[in-house]
Amino acid sequence: MTPPALTATHAGVWITHNGETITLSRGEAIRRAADTPHLLLNAPVIASRLGYPELAGLDLLELFAFIHPAKFAVPTPRGLATALNIDPPTSDSDAGFLARAATALLDTADDPQWPHRHGAWSILQSLARQRWPWTAPLARRIRKPDAPERSVFTTLPKWEEAAPRPAPRTIALTDPAIDTRLADMLGTGSEIREGQQAYARAAGAAFQPRRTPHAPNMVLAEAGTGIGKTLGYLAPAAAWAQDAQGTVWLSTFTKALQRQLDQEAARAYPDPAAKREKVVVRKGRENYLCLLNLEDAVQGGFSNRAQVFAQLAARWAEYSRDGDMVGGDLPGWLPALFGRTSFSGLTDRRGECIYAGCPHYRICFIERATRASAQADLVIANHALVMINAVRGRAEGVQMTRMVFDEGHHLFDAADATFAVELSGREAVELRHWLLGPDRATKGRRRGLAARLAELSGYDDEGADAIDRVIAAAKILPAEGWLARITTGTPEGPIETLLAAVRTQVFTRAEGKGNADAGYGLETEVAEVLPDVIEAAAAAALALAKLAGPMATLEARLKALLDDPPDWLDGQGRARTEGAAAGLRLRCETIAAWTGLLARLGSAADPAFVDWFALARIEGRELDIGIHRHWLDPMRPFARAVLEPAHGVLVTSATLRSRVDADVDSWSDADARTGASHLSLAASHFAAASPFDYANNARVLIVTDIKRGDMPALAHAYRSLIEAAGGGTLGLFTAIARLKAVHARIADPLARAGLPLYAQHVDPIETGTLVDIFRAEPRASLLGTDALRDGVDVPGASLRLVVMEGVPWPRPTVLHAARRAANGGTLHDDRVTMGRLAQAFGRLIRRADDRGTFVLIGPAVPTRLLAAFPPGTPIDRVSLDEAVKIVQHGFTNPSAPTIEVANTDSPNASGERE
């Protein structure tokens, strides 16, 4: 018997009853769902629409993840229909579609050619013990295999050690070689575009032999949208890697571009087997599934719904390409069905890995990716990972001599985060847990040094004494409940006392500024420090020095044992010793940075740094207290640690220069914000304007009659503009509170008009999945903040209107104030703001046949900022009514069949993504 189905949107609620679809009130739907399990699609979203968090039932997304592990599907009815190749629902109210989709999924389990049959029976038995609602219908279709099924822990392939790769050969990469490689990647019959070919040749300068010690051949290349820069730099990169037998690191800022680069690398390596060998995607350890955590979870470490997620994750792991849980082939919507805690419990958490001591070390996804990158031609990484590898002086065996930084306009911010120092309660607790283990028993595997180095304590008296001294000294670090003790005025130990004094100074300096009681984070610069803070800092520095001493002693002892290993140190023991030594070294460096920061509190400021105290809060709830230090110019350490050792570096973006500099053909700002100005060899520059016809295909409207702070008027503006465009709108906000306020006012009426609205920070859907939904549904609209301003690639009719609720001025933080003063005052503000406007506008036109309108809401937008938009783009200041008429006139009926939905898995011929 087919169970009833339930679907809900902002427009209404519908269920199936006796073969018919009927409309219900939310209250009646909740009552029925509580009495009888219903078919659902994305239970957390339906629960949010109903206002019923306890909603449970037979979620088709869970069934899809079981039947098709590691397969992508947009988590909407139409998206599921596309993935299953069945007829889509006729309307939002077509609740009967859920039964048709369930039948299609269950029938797959009957198919003798089902490619994911292995492991299904065993996982289903485990899910049955958790009373997973899909167990019964699946059990009738999946029979017990004749031979016992192997678990994921025995089916995954083992990686093999390989000899270190020799240093790359010295070659001169010629323009003809670049042209040939580009032509091959574009394919037979493709037109070679002048701009793309010129760009590829300019990028090739980064792959010539180095001319000057401690300075790479550095190329800054700005390529407007439509040039085809992705293939433009892949061509010389792949050509150099092949001829020089070296590795090129391709660094991006967003996981979305990493995924896109991986797809486009197939142009350079069309044979799938060759691509798997030559192209590796690398991310931070926290992105990957930890097999030991998974084993703990499926063997009882997780319970109830979390156990269901663990079993589905085990099913996915058997078929995953690389175990990447964030932006890889794990559907982004799957963890959201079970809660973030379940997800984080399966990833590799900081300080937890036991490396070669792990029974799954030889099949570890992280270790496989690390070793594969040492032999690859192209390693697709991110800015943070590349910088961290360089800072730590080891690239895990990989020689990083050639690098490409795409999304280069983010380099400054990435370096700013990487080279910063933070002494906060959370960071100090993290150090305590690594040294001592958790303060109370947990289900996790985290253990202190004594447990990890038990062999050392039993066999080596000197090492055992060093461990005892570290454990005794580490007790000065904050323990569980530290924040509650500070807020109640009862701090314990020198670090908590310091943080309590910092908190007092923050509140003291924030008083009278109108924000101390607003419930948001507070900060104050380190200046005229209160005596209590200076006194507490001195005591904390002394305590940290007493901790660092025995840690350094223990590290030295571990190194001595590794250099001359005793008989009792077996392979796994050596691996744990190596891991502990590396961890001690890294954490000693952290303590040294902390003590340097504390020494600053009682002395004169260092002009190279910006220091401040901060209290992190969300809606009045205190989260953390800390002392922060950032470089005034983070490109100084970036140039020293990352650029100087390299032989060739390409930094590229569509908006590499500020528009102010672009207008006068100056590269001074780009040189400064990429580190080029700190090198002894000047960078070469290249710029190619976008070939798109912005004058005829785009328009900018400045709406002048919406007063800032008038939320009803702002919501009315968004609703009117979205209705005028027929959906397809990306709405950008500079504050989450305003986004939520607007969404609450317009979501229901838009949905009743057939225009679904999704929103960051409102819908229980992660950002990447929101963009997938937006891309797939031309009548949908999406509201978001910074992550969507320059992280969305939606060519075609799905994005035809961008609305920005105000000028995106930089937030007036302590750090921004210091950089503003050092970099030209209002000119610095203008450069930052214009860069944000340019990136936001860049979401609108992604290919030659795109058309759209950019609306900026603001009664007094400075004229000088309008240079952020491409030359020739029509710009008009209009009333809201006029803007609505223009938007209506500029679009045809969005429901017409001529609308084409972009397929991001199939890039255009030029390889254009940005």
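None of the figures in this text is laboratory data; all of them are computed from the coordinates on show. Everything numeric in this text was worked out from a predicted model, so none of it was measured. When we count neighbours, we look across all protein chains shown, and the Cβ atoms used for this are built from the backbone with ideal geometry, even at glycine.
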Using only alpha-carbon positions, what ratio does the radius of gyration of segment 579-715 give when scaled by 2.2 N^0.38 Å? 1.59
Taking placed amide H atoms and a strict 5 Å upper bound, the residues 5 or more places from S424 or on another chain that come that close are I627
How would you rank W159, W316, W134, going from fewest to most other Cβ atoms within 10 Å of each one's own Cβ? W159, W134, W316
Given the peptides 552-558, 841-847, arrange them by the average over their residues of other C-beta atoms within 10 Å, most packed first. 841-847, 552-558
Note on segment 422-631: the mean projected area of its alpha-carbon convex hull, in nm², is 13.3
Order by neighbour count: S677, S798, S666, S320, fewest other Cβ atoms within 10 Å first, most last. S666, S677, S320, S798
When the dipole is taken about the Cα centre of segment 694-890, and only Lys, Arg (+1) and Asp, Glu (-1) are charged at their Cβ, what size is it in debye, to the nearest 20? 340
Looking only at the chain, where both bridge partners belong to it, what percent of the DSSP beta bridges are antiparallel (to the nearest 5)? 35
Going by amide H atoms built from the backbone, whose H comes under 5 Å of the H on V404, apart from near neighbours? W249, L250, S251, L650
For Cα extents along the principal axes in Å, one of (1) 108, 75, 55; (2) 77, 73, 66; (3) 126, 79, 52 was computed from the structure I shared and the rest are decoys. Which label? (2)
Helix by helix through the chain, keep the DSSP H runs that span 18 Å or more along the axis on Cα and average at least -1.0 on Kyte-Doolittle, and give those back in order. 96-110, 229-244, 305-319, 461-474, 493-510, 531-563, 571-601, 711-725, 736-752, 826-841
Assertion target for D665, D671, ordered by fewest C-beta neighbours within 10 angstrom first, is D665, D671
Quick one: if you take sqrt(5λ) for each eigenvalue of the C-alpha gyration tensor of segment 694-890, what semi-axes come out, biggest first, whole angstrom? 25, 19, 17
Before anything else, pin down the relative contact order of the chain: Cα pairs under 8 Å, at least 6 apart, normalised by residue count, whole percent. 15
